[in-house]
Amino acid sequence: MLAIVGALCDLERGRRVPPFMNGEPYAMTFPPNQEDPRYAAVRQYSLAQILAVWAAAAIPMAVLAWLVAPLLGNLLGGGEVGFVKALLLCLTAGLIWQFVLTLILTRREQGTLRWSRVRDALWLLSPRDPRTGRVGGRVWLWVIPFILLFGLWEFYGFDITGPANRDLALFLDTCGEEFFGGAWGWFAVIVVQDVFNTVLGEDLLFRGLLLPRMRGVFGRGDFVANGVLFAFYHLHQPWSIPAALADIVLTAYPTRRWQSVWMSIIVHSAQSVFIIVVILGLVLGK
């Protein structure tokens, strides 16, 4: 993994620019012949600002998972089932908060939430080939190998098993059919959680908001730093931190390389689609 990250860093030839000028943050603007015109709509963050955004995402998720969920579980009937219900609701709430946080920070930076400004500020743009300048079209095909790599890593990559009552895969194997059978309400919770996980929450915040604003501090290694921050964001399930470091290559790098958050959203959403299909089968099974 370290060798892969090193090779990807060597591929990047972006300029490192200071995050502040005369004590004030500023937007980077590159001439048309440069690699990075999409940074023109982005204001660089200081290291303190980067860590503050990370904390604003990670700490609420940890508090919800480790403190709120056990208390709420007792109110939802107690036992393993009550706790799982509470954990699903708490994690969903935390992911929705990340979407709200992204909107708040974007509004403060851009002064508006008009779609044309939000699209550029969060890199909600078609991928752009940094070598040819081609936008969209065949450039979208680059997402395919990363989806395949992501799937291989999910099934065969390094992983650490967490507590049984916090392991969704184990819960689905042991109690999934009983819990989700005919339970359309809880299926809806799963769908909402996955949408805010891989579309409107984690990826939009870490790849759409943070990653483009980390270059001033980390230079061409911004995607590595972003992947490390994303891994250690998982305080709500710390056993997954080592495996999450793979996102340096699987989601942070393609977002940075092709300057489009859709690369990360599509790759990460492959996991969401798989989970939704599996749980839908359990719902329909009863």
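The values are calculated or read from the model by the stated rules, or taken from the named source; none is laboratory data. Note that the structure is predicted; figures quoted are calculated from it, not measured. All Cβ positions, even for glycine, are placed from backbone atoms using ideal geometry, and neighbour counts span all protein chains on display.
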Among the candidates R220, R138, R207, R131, residue that is among the charged types (D, E, K, R), closer than 27 Å to Q259 by Cα and outside any helix (DSSP H, G or I): R131
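Condition check ((1) among the β-branched types (V, I, T); (2) surrounded by fewer than 19 Cβ atoms within 10 Å (Cβ to Cβ)) across all residues:
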site: D173; (1), (2): no, yes
site: G216; (1), (2): no, no
site: L235; (1), (2): no, yes
site: V273; (1), (2): yes, yes
site: G285; (1), (2): no, yes
Show the residue pairs meeting these rules: Cβ distance below 9 Å; 6+ apart or different chains; first residue within segment 64-89 and over 24 Å from Y233 (Cβ atoms); second residue of a type in the set (D, E) and exposed (fewer than 15 other Cβ atoms within 10 Å of the Cβ). V81/E178
Taking E178 as the residue in question, decide whether it is free of Cβ contacts under 8 Å to residues at least 24 places away in the same chain and either surrounded by fewer than 16 Cβ atoms within 10 Å (Cβ to Cβ) or in a helix (DSSP H, G or I) (or both). yes
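Let's see how each residue does on (1) at pLDDT below 95; (2) in contact with a Gly (Cβ under 6 Å, 6 or more places away or on another chain); (3) surrounded by 15 or more Cβ atoms within 10 Å (Cβ to Cβ); (4) outside any loop (DSSP other than H, G, I, E, B):
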{"position": "N74", "(1), (2), (3), (4)": "yes, no, no, yes"}
{"position": "V81", "(1), (2), (3), (4)": "yes, no, yes, yes"}
{"position": "K85", "(1), (2), (3), (4)": "yes, no, yes, yes"}
{"position": "C90", "(1), (2), (3), (4)": "no, no, yes, yes"}
{"position": "F99", "(1), (2), (3), (4)": "no, yes, yes, yes"}
{"position": "L103", "(1), (2), (3), (4)": "no, no, yes, yes"}
Being small (G, A, S) and loosely packed, with under 14 Cβ neighbours inside 10 Å is the filter here, so list the residues in segment 153-171 that pass it. A164, A169
